[in-house]
1. Just name the residue that is farthest from residue 301 (Cα to Cα) out of those in segment 313-322 that are open to solvent by 50 Å² or more (accessible area, probe 1.4 Å) and of a type outside the set (Asp, Glu).
2. Working only within segment 21-39, note down all residues that are of a type in the set (A, V, I, L, M, F, W, C), under 14 Å from residue 90 (Cα atoms) and either open to solvent by less than 50 Å² (accessible area, probe 1.4 Å) or touching a Lys or Arg at 6+ places or on another chain (Cβ under 9 Å) (or both).
3. Are any of the residues in segment 166-175 open to solvent by 50 Å² or more (accessible area, probe 1.4 Å) and either at positive phi or within 16 Å of the ligand (Cβ to nearest atom) (or both)?
4. State which residue is modelled with the lowest pLDDT when the search covers only segment 5-20 and only residues that are in a loop (DSSP other than H, G, I, E, B) and surrounded by 10 or more Cβ atoms within 10 Å (Cβ to Cβ).
Amino acid sequence: MDRRNPGLANERGQFRVRASKGIHLVVPRDRIRSSTGIILRTDKSVLFVIPWGRHWIIGTTDTDWALDKAHPAASQRDIRYLLDQVNSVLRAPLTEADVEGVYAGLRPLLAGESADTSTLSREHAVGHSVPGLVVIAGGKYTTYRVMAKDAVDEAVHGLGQAFDRRIPNCMTQDVPLLGADGYRALWNARHQLAAESGLNEARIVHLLNRYGSMIGEVLGLIGDDPALGRPLPAADDYLRAEAVYATTHEGALHLDDVLCRRTRISIETFDRGTDSCREVADLMAPLLGWSAEHRAREIEHYLARVAAERESQTMPDDETADGARRGAADIIAVGSPLS
Ligand SMILES: Cc1cc2nc3c(=O)[nH]c(=O)nc-3n(C[C@H](O)[C@H](O)[C@H](O)COP(=O)(O)OP(=O)(O)OC[C@H]3O[C@@H](n4cnc5c(N)ncnc54)[C@H](O)[C@@H]3O)c2cc1C
């Protein structure tokens, strides 16, 4: 076996990872009368009801998933489970009609002997089975810097002792997040920022929460073009400038990058972004050089994605939900000159 052959990366590594699906529901804040978040014990695990902007997030489920890993689908059973759990402590029960958004994700769990995903480890592991290839598996969001450090340490170790000694120690624990540096001073100056920009203070607070000390870049866009200071139609928590900033500064290439990833409009509105997608496309088009046909394709794809997600959420189980979600192809797969 040639251990330098990059083709070896195609082999399955030494780790076995199991995918565990977890779904969350988003409901408007006025649907649950509580001044604090709620943690409930369930048969298998816990359920969180978390205040989030003008919404509550309710989650989560924890079930094995062996279907489409690119698009885990929430079924009606998943949604019903969460509603039943939360309704057990609510005076005014929630129904499907209260659900603004649903999202599903997969936890990458290092596989062990247990059949039950809720008991599998949330830890990560790093391996270096082939020279030049470091593999990291498992892990979670709150430990991402430790994960990165462990992976880089492993790569450095693989370079041999001569390099090992020349590479300084990791200092990730002292590196502020992007937008953290100077944030507190700007927070103190929020009244002034509002007065100077002409935006109301709630907007400034929203922008500070999203961009931290990078807020000046977003306000700069509005300074150059005051029309960008208007809210997006049907998603008025967000300014038009935020769709532009997502495209010019945050690498968004497609409508779903802006509506699902840079903002969360797709889960924060009952229409799931279908009423704002045309204007977002209008804002993105000149920045990315889209033709009228390209713009139309982006919109069509986004609407198909929302329709497939909605349909999957009416399906009784994982298999039927997966079948419905597969109805919408990825915009990358259907072809885009920019992807
Ligand atoms: C149900 C659930 C509960 C969790 N709970 C916790 C918790 O309590 N604590 C914790 O620390 N961690 C938790 N995690 C884990 C945490 O969510 C992940 O560790 C974290 O999100 C990983 O971040 P990431 O940026 O690496 O990947 P992701 O968050 O998965 O981001 C990757 C992004 O890339 C996008 N993408 C993928 N392919 C493409 C492409 N080709 N083009 C454009 N975009 C693409 C995806 O849509 C996605 O938005 C949970 C995960 C799940 C599923």
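The values are calculated or read from the model by the stated rules, or taken from the named source; none is laboratory data. Keep in mind that what you see is a predicted model, and the values were worked out from it rather than measured. Positions of Cβ are backbone-derived with ideal geometry, glycine not excepted, and every protein chain shown enters the neighbour counts. All accessible areas refer to the heavy atoms of the entire protein, side chains included, with ligands and DNA or RNA removed. Shrake-Rupley method; radii C 1.70, N 1.55, O 1.52, S 1.80 Å.
1. Our first condition is that a residue be open to solvent by 50 Å² or more (accessible area, probe 1.4 Å); within segment 313-322, this holds for 314, 316, 319-320.
Now restrict to residues that are of a type outside the set (Asp, Glu): 314, 316, 320.
Working: 314: 20, 316: 25, 320: 21 Å.
The selected residue is 316.
2. Scanning segment 21-39 gives 27, 32, 38.
3. no
4. 5
Every residue, every condition in (1) more than 16 Å from the ligand (Cβ to nearest atom); (2) surrounded by 15 or more Cβ atoms within 10 Å (Cβ to Cβ); (3) not in a helix (DSSP H, G or I), yes or no:
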site	(1), (2), (3)
244	yes, yes, no
250	no, no, yes
261	no, no, no
267	no, yes, no
272	no, yes, yes
287	yes, no, no
304	yes, yes, no
307	yes, yes, no
